[in-house]
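Here, each number is a calculation from the coordinates, and none is a lab measurement. This structure is a prediction, so every number in the text was calculated from the model and none was measured. Positions of Cβ are generated from backbone atoms using ideal geometry, with glycine treated the same way; all protein chains shown enter the neighbour counts.
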Amino acid sequence: MSSIVGIDIAKHSFDIATLQANGKYRTKSKLANEATGFQTLQQWLAKYAEPSAWIVMEATGVYHEALAEYLHQLVLPRVRHESCADRPLRPEPVTAGQDGSSRRQVDC
């Protein structure tokens, strides 16, 4: 069982992934970003995630809000909603990446 579950949110669906003890990822894709997908996630968590696992997701516009609220209603102590939008951004200078691209690091 895994101790961290990552969720990638989109407008109509979301994908979930976790790293297993054998070094391979267990994933599930294209769950509906609505009640049926949330219930599937709950069943998946019961089967593949430790009870104390962290559930992490990107706060993407408003698309994550319904899922975050659903998980909070399950009274999962591991769910913590935190967004950069909740705090002022402190942009750092643009830096060059190893691949030659430029990146702006943001500390939020």
Problem set entry | Selection of trypsin sites (Lys or Arg not before Pro), segment 1-67, meeting DSSP coil and at most 10 other Cβ within 10 Å | LYS11, LYS24
Problem set entry | Principal axes of segment 2-82: Cα extent on each, largest first, Å | 35, 25, 22
Problem set entry | Under 24 Å from LYS47, Cα to Cα: lysines that are on another chain or at least 8 residues apart | LYS24, LYS28, LYS30
Exercise. Which net charge results when you count Lys and Arg as +1 and Asp and Glu as -1 among the other residues whose beta-carbon is under 11 Å from that of TYR48?
Worked result: +2
Exercise. Charges only on Cβ, +1 for Lys and Arg, -1 for Asp and Glu: so what's the dipole of segment 2-82 about the Cα centre, in debye to the nearest 20?
Worked result: 340
For this session: Figure the gain on full extension for GLN42 and GLU69 (residue separation times 0.36 nm, minus the Cα-Cα span) and round it to one decimal in nm.
Result: 8.4 nm
